[in-house]
Structures are given as C-alpha cells and as structure tokens.
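Take a look at the structure set out below.
The values are calculated or read from the model by the stated rules, or taken from the named source; none is laboratory data. Nothing here was measured: the structure is a model prediction, and the numbers come from that model. Here the Cβ positions follow ideal geometry from the backbone for every residue, glycine too, while neighbour counts run over all protein chains shown. Accessible surface areas use protein heavy atoms only, side chains included; no ligands, DNA or RNA. Shrake-Rupley method; radii C 1.70, N 1.55, O 1.52, S 1.80 Å.
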Amino acid sequence: MARPITTAILFAFANLMAVAVANVGAAGRTPEPFPKAQAPQSGYVGTETCVGCHDNYDTTLTPTKHGFKGNERTPMAQKGCESCHGPGAAHADDPEKVKPVQFPKVAADVANAQCQSCHNRGEHALWDGSQHENRNVKCVDCHSVHSSEGATLMRAKTQQLTCARCHQAITNKQQRFNHMPVREGALTCSSCHNVHGSVNVKLLRTGTTVDQSCTSCHTEKRGPFLWEHAPVVDSCTTCHDSHGSNNERMLQAKLPFLCQRCHVTSRHPPTVYEGFTLQNSQNANKLFGKSCANCHQQVHGSNHPNGKFFLR
Ligand code: HEC
Ligand code: HEC
Ligand code: HEC
Ligand code: HEC
Ligand code: HEC
Ligand code: HEC
Ligand code: HEC
Ligand code: HEC
Ligand code: HEC
Ligand code: HEC
C-alpha cells in the first residue's frame, strides 16, 4: 500500500538532487566527466560533442536511472546520448539538414525500437502485439526522458494524469462517489494493469479472467463456495464497476434495482412495488439501507450448509 507513496517521496528526493546537481554546475564546479569508454564507432561522435551544442541535456539525465554517472560500464554510458538518439556524426556535421531520432516526430515503431533495444525483457516482453503497440502508442506518450514530472519517468505528475490524456472516461471515474483508491494513492493504474503488454484480457496483470484479477487482492471472494451465485462466477463486473461508480461499493446500480435486473419473481415478491405496503416491515426492508443485502448477506456465495439463499 505504501509503495506508491514511498516512490513519490523518493522521486521528490530525486528532484531535490536534480536541483542540487544543477546548482553545483552553476557554482562553477567541474561536472562529472563523461566516461572515456566511448569506443569510436562509425557514425558516432560521443556525448561530449552533443553537449557541446546542446547545453545541459546531460544534467537532465543525471538524477534519473539513465544517468551515466556510476553506470560507466553500461551500454547507456558507452553510447551516451546516441544510445537513444542513434549515431549522430552526420547531424553534428550539418544539424540543419540531418536530424537524429526525434522521438515526438518519428513513427511509433522507430521511436519505440530505440527504447526496446534495452527494455525488452520481463515486464516489457509482451509489448509487441499489445493493445498500445497496435495503436501506435509510443513509450514517450507516457514517459519523458529529459523532463519527466512523475515517478518512473512519467510524463505527467501521476499515472492517472498520464493516462487521462487518452482514457478520460476511465480516469474520470476516480471522481465518482465510490472508486478504486487510485486518487488516494493506495492503488495505481498499474496495480491492476501492465500497460506494456499482457497475455490477459484488458492488459490485466493477473488472471486470465477479470474475476481472477479481482480475487488476487480480494481473496475471500475467490471461492469455490458450497453455494455459488451464478453472476459472481461469471464476472465481478456484472455488479461492480472496476474503476468506480456513484453507488455504494462501486455497484453498477443501486440496490434493490441491481438484484432486480435479474430477479423479477421469487417466493417473496422481490420487486418492492409488488404487494408493497408501508406496514409490512419485511417488504420495507427490501427498500431501505442495504436493501436485499440486509437479509441476503452472502451475495458472493456461501459455505453454510443452509446457505442456498445466501442468507448466511
Ligand atoms: C554543431 C552543433 C550540434 C551538435 C554537435 C549536435 N547538435 Fe543536435 N542540433 C543542433 C541544432 C542547431 C539543432 C536544431 C536544428 C533545427 O531545429 O533545425 C539540433 C537538433 C537536435 C535534435 C532535435 C531537436 C528538435 O527540435 O526536436 C536532437 C534530438 C538533437 N539535436 C540531438 C543531438 C545529439 C544526440 C547530438 C550528439 C550525437 C547532437 N544533437 C549534436 C546542433 C547540434
Ligand atoms: C534514454 C534515452 C535518451 C537519452 C540517453 C538521451 N535522450 Fe534526448 N531525448 C530522448 C527523448 C525520449 C526525447 C523526447 C523528449 C522527452 O521525452 O523528454 C529527447 C529529446 C531530445 C532533444 C529535443 C528537444 C526536446 O527536449 O524535445 C534534444 C536536443 C536531446 N534529446 C538531446 C539529447 C542529448 C544531448 C543527450 C545526451 C546528453 C540525450 N538527448 C540523451 C531520449 C534520450
Ligand atoms: C542503452 C540502454 C537504454 C536505452 C536505449 C533506454 N533505456 Fe531506459 N533504462 C536503462 C537502464 C539501465 C535503466 C535502469 C534500470 C534499473 O535500474 O533497473 C533504465 C530505466 C528506465 C525507466 C525506469 C526509470 C525509473 O525511475 O524507474 C524508464 C521509465 C525508462 N528507462 C524508459 C526508457 C525510454 C522511454 C527509453 C527510450 C526513449 C529508454 N528508456 C531507453 C537503459 C536504457
Ligand atoms: C500507456 C503508458 C505507458 C507506455 C506506452 C509505456 N509505459 Fe513504461 N511504464 C508505464 C507505467 C505506468 C509504469 C510504472 C509501472 C510500475 O508501477 O512499476 C512504467 C514503467 C516503466 C519502466 C520501469 C519498470 C521496469 O520495467 O523496471 C520502464 C523501464 C518502462 N516503463 C519502459 C517503457 C518502454 C521502453 C516503453 C515502450 C516500449 C514504455 N515503457 C511504454 C507506462 C507506460
Ligand atoms: C497516447 C494515448 C494513450 C495513453 C497515454 C494511454 N493509453 Fe491506454 N490505450 C490507448 C489506445 C489507443 C488503446 C487501444 C484501445 C482500443 O483498442 O480500443 C489503449 C488500450 C488500453 C487498455 C486495454 C483496453 C482493451 O480494450 O484491452 C488498457 C487497460 C489501457 N489502455 C490502460 C492505460 C493506462 C493504465 C494508461 C496510463 C498509464 C494508458 N492506458 C495510457 C491509448 C493510450
Ligand atoms: C482494481 C483494479 C484496477 C485498477 C486500479 C484500474 N483498472 Fe482499469 N480495468 C480493470 C479491469 C478488471 C478492467 C476490465 C473490466 C472492465 O472493463 O471493467 C479494466 C479495464 C480498463 C480499460 C479498458 C476499458 C474498456 O472499456 O475496454 C482501460 C482503458 C483501463 N482499465 C484504464 C485504467 C486506468 C487509466 C486506470 C487508472 C486510473 C485503471 N484502469 C485502474 C481493473 C483496474
Ligand atoms: C491490486 C489489488 C486490488 C485488486 C486487483 C482489486 N481491488 Fe478492490 N480494492 C482494493 C483496495 C486496496 C481497496 C480499498 C479497500 C479499503 O478502502 O478498505 C479496494 C476496494 C474495493 C471495493 C470497495 C470496498 C468498500 O469497502 O467500499 C470493492 C467493491 C472492490 N474493491 C471490488 C473489486 C473488484 C470488483 C475488483 C476487480 C475488478 C477489484 N476490487 C480488484 C484492492 C484491489
Ligand atoms: C450479484 C452481484 C455481485 C457480484 C457479481 C459481485 N458482487 Fe461484490 N458486492 C455486491 C453487493 C450487493 C455488495 C454490498 C454488500 C453489502 O453492502 O453488504 C458487494 C460488496 C463487495 C465488496 C465490499 C464489501 C465486502 O464484502 O468486502 C467487495 C470487496 C466485493 N463486493 C468484491 C467482489 C468481487 C471480488 C467479486 C467477484 C469475485 C464480486 N464482488 C462480485 C454484489 C456483487
Ligand atoms: C446478472 C444476474 C443476477 C444478478 C444481478 C443477481 N442475481 Fe441472484 N441469481 C442469479 C442467478 C442466475 C441465480 C441462480 C438461479 C437458479 O439457480 O435458479 C441466482 C441466485 C440467487 C439466489 C438463490 C436462489 C435460489 O433459488 O437458489 C439468491 C437468494 C439471489 N440470487 C439473490 C440475489 C441478490 C440479493 C442480488 C443482488 C445483490 C442478486 N441475486 C443479483 C442472477 C443474478
Ligand atoms: C427480510 C429479509 C429479506 C429481504 C429484505 C429480501 N429477501 Fe429474498 N429471501 C428471504 C428469505 C428468508 C428467502 C428464502 C425463502 C424461502 O425459503 O422460501 C429469500 C429468498 C430469495 C430468493 C430465492 C427464492 C425464490 O423464490 O426465488 C431470491 C431470488 C431472493 N430472495 C431475492 C431477493 C431480492 C432480489 C431482494 C431485494 C429486492 C430480497 N430477496 C430481499 C429474505 C429476504
């Protein structure tokens, strides 16, 4: 739970460091020298040449994990700027005519291939063919390398704001009366989704079904139960909205209407209007407060021998 907060604090710290580093530069102290290991390869000119014209671009990297300092042996340090922007000799000779890789301008697959040259395993193994890749979303639509505002090089301050650019309707559900605690920081979008690709539906991190995703956290709802409730087995989203709704417990509809979508007749009139009189306290129960759930407390399934009607 505390993880995103910790990350935020760490990031705030990283920002302070960035300021600190910039100040050191301004005070005239020699900045950390670039690693000498830059093997002269055809087409490459090395970081020192790039920063000769592009002042301070190196310092934007320093506070991030892309910083060269301390990473002298990594490919990043060895090719420096050119590990992302590609060989830059021709550009350095004639900057007006030849451009290195300009991430916002080039095609998505070209831009992404630069990043994938290093990030292609684990969490990222399924990028190719993923919903985002298919729709030409770029790494840099969500991440910024030189001027990120959030943790993990997020382009905007939070994940939610980053996603909002394209998924406004979903992120707006955070403003609803009941919502997954993303706004509060207890969860992030990536608690449930791996936006870099997944074998599961809807880029879900866990579970080949939505139910398995939900019960990976809400384990007590996993079952199997002695008495199963058909819609629960089918999908949690039959009754709950995954992101938020204006009803209690993120329900898709208010009680009793939620139940009445399916239960139109039963031994006791399930429709509150049917034979409903104010004097009849049993019926009144069906309308007020937790409504049907006052009596049917185990709507997710019951393990009680007499739990057929989910009353216990
Ligand atoms: C001789 C000076 C010089 C050197 C050396 C140089 N650049 Fe440039 N670079 C420029 C100029 C000038 C522009 C702007 C060109 C324009 O707007 O037409 C530019 C543009 C760029 C852009 C595109 C910026 C945009 O507008 O989107 C990138 C990216 C870039 N350079 C990266 C690099 C990298 C990486 C290196 C080292 C391999 C490098 N440059 C070396 C002068 C230089
Ligand atoms: C880890 C990959 C990576 C490295 C390393 C990197 N860049 Fe960039 N660069 C980017 C991306 C991505 C962008 C697009 C803007 C953004 O996302 O911040 C960019 C944008 C730029 C621009 C265009 C202006 C702008 O802000 O949009 C220039 C110029 C530039 N980089 C120069 C450099 C120089 C000089 C270095 C080496 C000190 C360097 N870059 C190292 C990924 C990288
Ligand atoms: C030359 C290799 C290399 C390239 C190219 C590269 N990266 Fe990285 N990147 C790294 C390394 C190394 C780390 C640090 C990994 C770690 O600490 O686990 C990293 C970390 C990151 C992180 C995590 C930062 C954090 O704070 O946790 C993000 C996001 C990222 N890279 C995005 C990108 C994007 C976007 C591009 C393309 C514009 C890119 N990278 C290109 C090597 C690379
Ligand atoms: C739709 C938005 C989005 C896109 C597109 C995206 N990312 Fe990410 N990325 C995220 C989010 C959100 C996280 C934070 C995940 C977490 O909680 O660790 C993240 C985390 C990362 C990390 C750090 C986690 C790790 O693997 O160690 C790296 C590296 C990274 N992304 C690289 C990339 C690269 C490379 C691409 C393009 C191939 C890319 N991302 C495309 C949203 C995005
Ligand atoms: C630049 C736009 C863009 C950004 C930013 C973006 N997405 Fe997406 N996302 C898309 C597109 C386009 C699709 C494909 C939609 C489709 O096929 O209907 C998609 C699909 C998805 C899907 C799968 C939907 C499905 O039907 O399977 C999920 C989940 C998702 N995005 C989550 C996120 C999250 C979480 C973030 C923020 C970390 C994010 N996206 C940021 C454009 C974006
Ligand atoms: C508690 C888990 C959870 C969290 C947190 C979460 N999602 Fe989802 N998301 C789901 C599930 C489950 C689905 C698939 C079922 C559905 O469409 O309701 C889904 C579906 C989606 C879709 C596809 C919608 C469609 O109509 O196909 C997008 C886009 C999406 N989520 C984006 C986001 C964004 C952006 C965030 C962060 C603000 C986020 N999600 C946070 C569980 C989650
Ligand atoms: C990554 C873990 C995680 C996943 C996956 C997850 N949840 Fe949650 N859920 C939480 C947390 C944390 C809360 C907030 C609990 C609290 O405030 O007591 C919560 C709250 C809820 C609530 C409101 C509970 C209340 O007391 O108001 C409901 C309903 C709920 N989740 C249903 C679902 C459904 C349906 C899914 C699948 C679409 C799902 N959850 C997936 C972690 C998760
Ligand atoms: C038939 C409709 C229905 C389905 C399907 C359903 N729920 Fe619920 N759920 C409810 C109702 C109604 C409540 C409120 C009960 C109350 O207020 O006593 C609730 C409450 C919750 C709560 C918060 C209170 C608690 O009991 O912890 C969580 C968490 C939850 N559901 C998770 C899930 C998960 C996970 C699934 C899928 C495995 C699921 N629900 C499927 C109707 C449903
Ligand atoms: C999406 C449709 C759907 C929704 C919504 C739904 N149910 Fe059900 N319910 C079913 C189905 C299907 C059965 C199994 C009926 C059967 O076996 O004859 C069932 C069975 C039951 C039973 C046991 C009946 C029996 O004869 O075994 C009870 C009690 C019940 N539901 C109560 C509720 C309550 C209370 C709600 C609202 C919180 C609710 N249901 C919401 C579809 C639904
Ligand atoms: C005052 C308590 C109470 C309330 C409120 C209540 N029920 Fe029931 N319900 C019961 C009892 C007790 C049974 C078992 C009846 C039996 O054994 O004949 C039952 C049985 C059922 C059954 C299964 C039997 C059948 O006839 O199909 C369904 C479905 C059902 N209720 C749905 C609902 C719905 C929907 C609501 C809300 C509109 C609701 N109930 C409100 C007490 C209640």
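Condition check for C166 on (1) open to solvent by 80 Å² or more (accessible area, probe 1.4 Å); (2) in the same structural domain as D128 (by TED's automatic domain parsing); (3) under 23 Å from L255 (Cα atoms): one failure, at (3).
Residues of segment 93-146 that are open to solvent by less than 60 Å² (accessible area, probe 1.4 Å) and touching a Pro at 6+ places or on another chain (Cβ under 9 Å): P100, A111, K138, V140. With respect to (1) surrounded by 16 or more Cβ atoms within 10 Å (Cβ to Cβ); (2) at pLDDT 95 or above; (3) among the basic types (K, R), the lone exception for K79 is condition (2). Among helices (runs of 4 or more DSSP H) entirely within segment 113-227, having at least 1 residues that are more than 16 Å from ligand 10 (Cβ to nearest atom) and within 30 Å of D58 (Cα to Cα) singles out 131-134, 139-142, 159-164, 189-192.
Scanning segment 216-244 for residues that are of a type in the set (S, T, Y) and more than 8 Å from ligand 7 (Cβ to nearest atom) yields T219, S235, T238. Suppose we keep only residues that are in contact (Cβ under 8 Å) with a residue 12 or more places away in the chain and closer than 16 Å to L187 by Cα within segment 159-170. Which one would you say is farthest from ligand 4 (Cβ to nearest atom)? Going through the qualifying residues, I end up with I170. In segment 204-217, the residues that are within 18 Å of C239 (Cα to Cα) reach residues that are within 15 Å of ligand 4 (Cβ to nearest atom) and small (G, A, S) with C-beta atoms within less than 9 angstrom, at least six apart or across chains, in these pairs: C217/S191.
Across segment 105-130, the qualifying residues are those that are in contact with a Gly (Cβ under 8 Å, 6 or more places away or on another chain) and not hydrophobic (A, V, I, L, M, F, W, C), and the one among them that is nearest to ligand 3 (Cβ to nearest atom) is Q114. No other residue among N200, N178 is within 16 Å of ligand 7 (Cβ to nearest atom) and open to solvent by less than 30 Å² (accessible area, probe 1.4 Å) apart from N200.
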